[in-house]
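The values are calculated or read from the model by the stated rules, or taken from the named source; none is laboratory data. Treat the numbers as computed from the prediction; the structure is a model and nothing was measured. Quick reminder, even Gly has a Cβ in these numbers, built from the backbone with ideal geometry, and neighbours come from all protein chains shown. For the accessible areas, the whole protein counts, side chains as well, though only heavy atoms, and no ligand, DNA or RNA atoms are used. Shrake-Rupley method; radii C 1.70, N 1.55, O 1.52, S 1.80 Å.
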Amino acid sequence: NRIPSLQGGKIDLIIATLGVSAERAQVIDFSENYAWGGSDVLVPKDSPIKDLKDFAGKNVIVMKGAWQIGWFEKNVPSATLLKLDGISDGLQALLQKRADGFAHDLDVLRPIAKKNSDVKLVGEIYQLGYRAAGIRKGEKDWVDYVNAAISKAKNAGLVATWIKEHVEADLQQAVIDSWDISKAPKS
């Protein structure tokens, strides 16, 4: 509902993990990419799964409407997808062994893996994407302003400062790295 709220004038900017896509670019404008993200899969700590192709013929938890669905349908079509409503539902289903893996955004799964010794990440990033601010079509001055503000926040070290204030110490560097486009995986 974020994009309709933007288009309808209820909000002026979307800057909360908005993924950039060609489909969205048809209806809104984007700032420059400010961060990158990818997907990974959470598995039980004793899982024999080593990489994504090992999910062939297995059950994989995904969130309803998530972009991981399309990736698995295209790249591991024999995987059976268990579509759930929430992150806690996904983790609970994995711990109950209702599936062999839980596919989601790396930034969501990384802290879960750090806090729960019963699970681990497969460690194969896929479905790489970029984040940018969403702006109503045709508002070039607003796009320029947002780009300048993001650039200033990064260059002045504000982004790193905010991350250090609000992200747990053992996850800070990974989050800081996700705000550095040059550190995105190349494939």
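The equivalent ellipsoid that matches the C-alpha gyration tensor of region 132-187 spans semi-axes of 25, 15, 10 angstrom, in descending order. When the helices of the chain are scored as -39500 (n - 2.57) per DSSP H run of n ≥ 4 and the total is divided over every residue, the value at 222 nm lands at -10500 deg cm²/dmol. Which log10 I(q)/I(0) values, to two decimals, does region 81-187 give at q = 0.17, 0.19, 0.22, 0.24 Å⁻¹ under the Debye formula with one point per Cα? Each listed q corresponds, in turn, to -0.99, -1.10, -1.24, -1.33.
Between Asn116 and Asp141, the C-beta separation translates, for a Förster distance of 35 Å, into a calculated FRET efficiency of about 0.15.
Between Ile69 and Val27, the contour length at 0.36 nm per residue exceeds the alpha carbon distance by 12.8 nm. Average accessible surface for the chain: 56 Å² per residue, computed with a 1.4 Å probe over protein heavy atoms with every protein chain in place. Normalising the average separation of contacting C-alpha pairs (under 8 angstrom, six or more residues apart) by the number of residues puts the relative contact order of the chain at 35 percent. Helix 140-155 and the long axis of the chain differ in direction by around 60°, with both axes built from C-alpha atoms. Can you give the angle from 0 to 90° between the axis of helix 106-115 and the longest principal axis of the chain, with both taken from C-alpha atoms, to the nearest 10? That helix lies at roughly 50 degrees to the long axis.
Positive end of the dipole of region 34-92 (Cβ unit charges, origin at the Cα centre): among Gln68, Trp36, Leu84, the Cα lying farthest that way belongs to Gln68. For Leu81, the residues whose modelled amide H falls within less than 5 Å of its own, excluding neighbours fewer than 5 places apart on the same chain, are Val60. Placing +1 on each Lys and Arg Cβ and -1 on each Asp and Glu Cβ, with no other charges, gives the chain a dipole about its Cα centre of roughly 220 debye. Scattering from region 1-148 was approximated by placing one identical point on each alpha carbon and applying the Debye formula without solvent; log10 I(q)/I(0) at 0.09 1/Å stands at -0.34.
Treating only the Cβ atoms of Lys and Arg (+1) and Asp and Glu (-1) as charged, compute the dipole magnitude of region 86-146 about its Cα centre; round to the nearest 20 debye.
120
Rg and Dmax of region 1-65, both derived from C-alpha coordinates alone, stand at 17.4, 50 Å. Projecting the Cα atoms of Ser151, Ala184, Pro48 onto the dipole axis of the chain, where Lys and Arg carry +1 and Asp and Glu carry -1 at the beta carbon, places Pro48 farthest toward the positive end.
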